[in-house]
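What follows is calculated from the coordinates using simple rules that are stated; it is not laboratory data. A quick note: this is a predicted structure, and the numbers were derived from the prediction, not measured. Here the Cβ is made from the backbone with ideal geometry for all residues, glycine too, and neighbour counts use every protein chain on show.
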Amino acid sequence: MTGEQSGNAVQLDWSLWCSRHLDPYRAQWPAGATLAMMRLFEAAVAMDAVAEAASHDPANLTAALRRFRPLCCFISREALRKIYDETIPEEERGTDH
């Protein structure tokens, strides 16, 4: 994942996450991390603020996502908890994330 946009392709990079919210993935890296990135993307693009920042144009989406980074801190705690629930085994989840 490079962080550069080519045509209308959206490029994702790990700067969309803060280190605190990536921490639960470190023990089993990269298990779960790639799916978590996709879930984070889905949660962010579902937000009106992101769609408006992109002027509802997919070509502007990478720049809009960067504007709100780290996305893990921008989405709701409920959405972040859902990402963790889907991508980290329960016994490996911390309670402070």
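Per-structure values
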| read-out | value |
| --- | --- |
| Residue match in region 82-92 (condition: surrounded by 13 or more Cβ atoms within 10 Å (Cβ to Cβ), out of contact with any His (no Cβ under 8 Å at 6 or more places or on another chain) and not in a helix (DSSP H, G or I)) | yes |
| Answer from Arg77, Arg39 - the residue that is charged (D, E, K, R), at negative phi and surrounded by 12 or more Cβ atoms within 10 Å (Cβ to Cβ) | Arg39 |
